[in-house]
Amino acid sequence: TVILHEILDVDALKKAIYLFVQKNDAMRIQITTDHLLNVKQYVVPFTPFPIEIVSFKNEDALKKHASVFVRQPFTVLDSSLFSFQIFLFPDGTGGFIGKAHHLLIDSWSSCSLGNEILSNYYDLVHHIPVSSEAKPSYFDFMQSQAQYAKSQKYIADQQFWQDKYTDTLPEVASF
């Protein structure tokens, strides 16, 4: 939940959220199963999605609502694994509530989500051009790692580390 202590431009916030999802393909991952019930993931193209606009009398009412909203389960197969709501208070301030399945994001990523949406929002409100360039794709990273695993460099790197620790393995760090 992100509260903006200023008069909220709902259209700009909605566009900021859309931009975030559009630029981050991991947010558009969906899960399916094949005829053998093997689980597969795929990315859907960006299309605008419903963002409910809700009103609250105060922050306590917002907190109660947000607690229920974020606990509502997702339909996992062949559907979006995220949801957003924009909220308003009687004085015109407001913000947004976002939730995403852990298949898409972790705690660190949720902070990035909030920061990027806010950055998009403030740029839009202040008429600063917002880049629509896609963020680095995790799928591109996975593909590059698969190519690396088949390369001569991988074989050389593997041999280097095997030679380096032939006699002694490094100590394992504990937390």
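For the chain, find the longest principal axis of its Cα atoms and tell me its angle to the long axis of helix 10-23, 0 to 90°, nearest 10. Helix 10-23 sits roughly 10 degrees off the main axis of the chain.
Estimated from helices alone, the mean residue ellipticity of the chain at 222 nm is -12500 deg cm²/dmol (sum of -39500 (n - 2.57) over DSSP H runs with n ≥ 4, per residue). The angle between the Cα long axis of helix 59-69 and the longest principal axis of the Cα atoms of the chain comes to about 50 degrees, rounded to the nearest 10. Computed over protein heavy atoms with a 1.4 Å probe, the carbon and sulfur contribution to the accessible area of the range 74-175 reaches 57%.
Listed highest first by mean packing, meaning other Cβ atoms within 10 Å per residue, what order do 80-86, 44-50 come in?
Working: 80-86: 19.7, 44-50: 11.0.
Going from most to least packed, we get 80-86, 44-50.
Averaged per residue, the range 28-86 has 67 square angstrom of accessible surface, using a 1.4 angstrom probe with ligands and nucleic acids left out.
With a/c under 1.5 counting as rounded, go ahead and sort the range 1-75 into rounded, prolate or oblate using the C-alpha gyration tensor (a ≥ b ≥ c being the square roots of the eigenvalues; past the cut-off, prolate if a/b is larger than b/c, else oblate).
Values: a/c = 3.58, a/b = 1.71, b/c = 2.10.
It is oblate, given that a/c is not under 1.5 and a/b is not larger than b/c.
Along the chain, the exposed loop sites are GluC sites (Glu not before Pro) outside DSSP states H, G, I, E and B with at most 16 other Cβ atoms within 10 Å, and the longest stretch free of them is 1-132. Computed as a quarter of the hull surface, the mean projected area of the alpha carbon convex hull for the range 112-154 stands at 4.2 nm². Considering the range 42-175, its Cα convex hull presents a mean projected area of 14.0 nm². In the range 1-143, the DSSP beta bridges split such that about 75 percent are antiparallel, to the nearest 5.
The values are calculated or read from the model by the stated rules, or taken from the named source; none is laboratory data. Quantities reported herein were computed from a predicted structural model and do not represent experimental measurements. Neighbour counts are summed over all protein chains in view; Cβ atoms, including those assigned to glycine, are modelled from backbone coordinates with ideal geometry. For accessibility, only protein heavy atoms count, side chains too; no ligands or nucleic acids. Shrake-Rupley method; radii C 1.70, N 1.55, O 1.52, S 1.80 Å.
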